[in-house]
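Each reported figure results from applying straightforward, stated rules to the coordinates on display, with no laboratory input. Note that the structure is a prediction, hence the values are computed from the model and not measured. Ideal geometry is used to build each Cβ from the backbone, glycine not excepted, and the neighbour counts take in all protein chains shown.
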Amino acid sequence: MGNTQVSLPALSAKIYQEWLPKTVLVQSCDDAYEGEFNLETREIDIPVYHDLSIHLTSLKEAELKPASIEFVKASTKRVSIDKGRYSHWGQTEVGKLMSRLSAEDSEVRKKLVNKWAVEAEKELAQWCALLPSGQQIDLITALTVATSNENGLLGSGNVMQALDILKAFAINNNMEPSEFKFFVSEKFESVLRDSKLVLASVSADEAFRSGSVGVVNSVDIRRHNVASITTRNASTHIVESEWGIWKTKDGIQYVVPYKNTVSYEISPTEVLMGGTGYQTVEYYDFFNLYPSRLYKVKIRYAGTSNPPSSF
C-alpha cells in the first residue's frame, strides 16, 4: 500500500506529460516557470524581462569610454493561480486504480488524456478570442481597404496580403515577425491549398507536432481544432469566419505548478461502509504579460459573417 501511495504523484506527472503534446495552442506557450507554489495563497512570481539597451558612440574621441556594466534586467510579476482541472475515480482500492491507469495501453488513461487536452485547448482559444480590442487585428477592415472588397473576404487571391498585414503589425511594434506563429482553423488551410502556394516545410522536430501546416510568406501557420472560436455554415459546417491567433511563444505564459493524485473520503451513503476515492488534479493558469506579443485576428471567408463575440 505504501509503495502504491508513493507512485500516485508519478501517475499525475505521466498524465500531464501525455495530454500536453496533444495540444496545439497550449503547447505553443511559454511553460518555463519553475519555483515555489503555495497551495494556500496559490500565488507564484513569474519573471518579466526588460529590453537590453544599445549604446551609441563615436570614434572621434581619442578614448572610448564604455557605459557602466549592464546586467540582464528582470522583475517579477506576482500572479494568482485561479484554475484547476480534475477527474475523480469511484475506485476504493488504490491498487486496482493504479493498475487501470498506469498500464502502458490503459484505455481509461487515454480517454482522460484526450479529454483534458481538448478542454485545455478550448479554454485557452476562447480566452484569446475575448482579448481586448487593443490586441485585435481586424483583417476584415484591412482587406476591405487593401483590395476594395467591400466585405473584406479572405480568399486564395489575397491570402498573401493578409499574411503581409500580420507581419506589418509585428514590424510596426519593433518585433521580428519570425518569432510569431499563426493559429487558424482548417478553412485557412483550404484557402492556402486553393491558392496553389508552395508550403515550405518546418524543422524536423516541428513537423510532427500536432497542427503543423507549413511556412507561407515567412509565416509559420498552425491548424487548431477548436470549433467554438469559429462561425460555421448551418448546413455544411464549413467555417465562414473565425478568430485567428497571432502570437509568440512568450505571448502567453501557461503554468501548471501543481500536479498530484490525492485521496478523499467516500461517505457510506455512496459506498457501503464508506471508503477512499482518488482524485487526479492540476492547478494551472495562463497570463499575457507581454500584450504586444499576442493578438486575436478577425477573419471573414464568406458573406457578412462575423466570428463569435461571446461563449
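Points to keep in mind about this one:
- Placing a label point 7 Å from the Cα of Y86 along the Cα-to-Cβ direction, the residues of the range 226-270 with a backbone N closer than 18 Å are 256-268, 270.
- Most positive-pole-ward Cα, L101, N260, F182, against dipole of the chain from beta carbon charges: F182
- The distance from the alpha carbon centre of the range 141-173 to that of the range 97-126 is 39 Å, rounded to a whole number.
- Given R0 = 35 Å, the distance between the Cβ atoms of E265 and S75 translates into a calculated FRET efficiency of 0.20.
- Spatially, the range 64-89 and the range 217-251 are offset by 29 Å when compared through their Cα centroids.
- Residue ranges 102-111, 41-50 sort as 41-50, 102-111 when ordered by packing (mean number of other C-beta atoms within 10 Å per residue, highest first).
- With R₀ fixed at 30 Å, the C-beta to C-beta distance from K249 to S156 puts the FRET efficiency at about 0.50.
- Take the Cα radius of gyration of the range 209-311 and divide it by 2.2 N^0.38 Å, N being the number of residues; the result is 1.65.
- Value of relative contact order over the chain, rounded to a whole percent, pairs C-alpha under 8 Å and six or more apart: 26 percent
- A Cβ-based charge dipole, computed about the Cα centre of the chain with Lys and Arg at +1 and Asp and Glu at -1, lands at about 600 debye.
- Taking 7 Å steps out from each Cα toward its Cβ at E36 and N217 produces label points 5.0 nm apart.
- Expected-Rg normalisation [2.2 N^0.38 Å, Cα atoms] applied to the chain: 1.23
- Contour minus Cα-Cα distance for S133 and R232 (0.36 nm per residue): 33.4 nm
- Extension gain, T141 back to N173 (0.36 nm per residue minus Cα-Cα distance, nm): 9.5 nm
- Percent of beta bridges antiparallel (DSSP, the chain, rounded to nearest 5): 85 percent
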